[in-house]
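I have placed the structure first, in the form of structure tokens, so that the comments after it can refer back to it.
The values are calculated or read from the model by the stated rules, or taken from the named source; none is laboratory data. If you're wondering where the values come from, they're calculated on a predicted model, not measured in any experiment. Virtual Cβ from ideal backbone geometry, glycine too; neighbours counted across all protein chains shown.
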Amino acid sequence: MEVAITKISRNGQVVIPSEVRKDAGVKPSTQFLVFNEDGNIFLKQIRKESLRDDMMLMDKIRRSEDEIKKGRFVKADTKMADEEIDDLLMH
């Protein structure tokens, strides 16, 4: 994973540093979904083959965050197997 620092221009433009673009395979005209989550801005590349799955994942994340805010959550132990954690989260 590449990490870099950038800043926003007066016009609201942000430059994605070249090393991050190269690492992510971002080319000119790449489209992104832009998310604002409590002041944290996220970019997600739009890819036709995964757009539906991405949208479903975003909905699941938002519903999970709502449940956590309501005090409804499940604790997973780091010693648990991946399958056990998946079973816990899917019920």
Next on the checklist: polar (S, T, N, Q) and touching a strand residue (DSSP E or B) at 6+ places or on another chain (Cβ under 8 Å): is that true of Q31 in this structure?
Outcome noted: yes
Checklist entry - Of these, I68, I41, I85, which one is closer than 30 Å to V20 by Cα and either touching an Asp or Glu at 6+ places or on another chain (Cβ under 6 Å) or among the β-branched types (V, I, T) (or both)? => result I41
Checklist outcome for this item: Note on M80: of the conditions (1) in a loop (DSSP other than H, G, I, E, B); (2) modelled with pLDDT of 90 or more, unmet is (2)
Item to check | Failed criterion for E2 (all others in (1) charged (D, E, K, R); (2) without any contact (Cβ under 8 Å) to a residue 12 or more places away in the chain; (3) outside any helix (DSSP H, G or I) hold) | outcome: (2)
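Taking the conditions exactly as written (at pLDDT 90 or above, among the β-branched types (V, I, T), surrounded by 10 or more Cβ atoms within 10 Å (Cβ to Cβ) and part of a helix (DSSP H, G or I)), does V26 satisfy them or not? Reasoning before the result, please.
Details: at pLDDT 90 or above: yes; among the β-branched types (V, I, T): yes; surrounded by 10 or more Cβ atoms within 10 Å (Cβ to Cβ): yes; part of a helix (DSSP H, G or I): no.
It is false that V26 is at pLDDT 90 or above, among the β-branched types (V, I, T), surrounded by 10 or more Cβ atoms within 10 Å (Cβ to Cβ) and part of a helix (DSSP H, G or I).
Can you go through R21, R47, R10 and tell me which one is surrounded by fewer than 11 Cβ atoms within 10 Å (Cβ to Cβ) and basic (K, R)? Steps first, answer last, please.
Details: R21 fails: surrounded by fewer than 11 Cβ atoms within 10 Å (Cβ to Cβ); R47 fails: surrounded by fewer than 11 Cβ atoms within 10 Å (Cβ to Cβ).
Going through R21, R47, R10 in turn, just one is surrounded by fewer than 11 Cβ atoms within 10 Å (Cβ to Cβ) and basic (K, R): R10.
For region 44-60, give me each residue that is part of a helix (DSSP H, G or I) and either within 16 Å of I16 (Cα to Cα) or touching a residue at least 12 places away in the same chain (Cβ under 8 Å) (or both).
To start, the set of residues in region 44-60 that are part of a helix (DSSP H, G or I) comprises 48-60.
Hits for region 44-60 are D54, M58.
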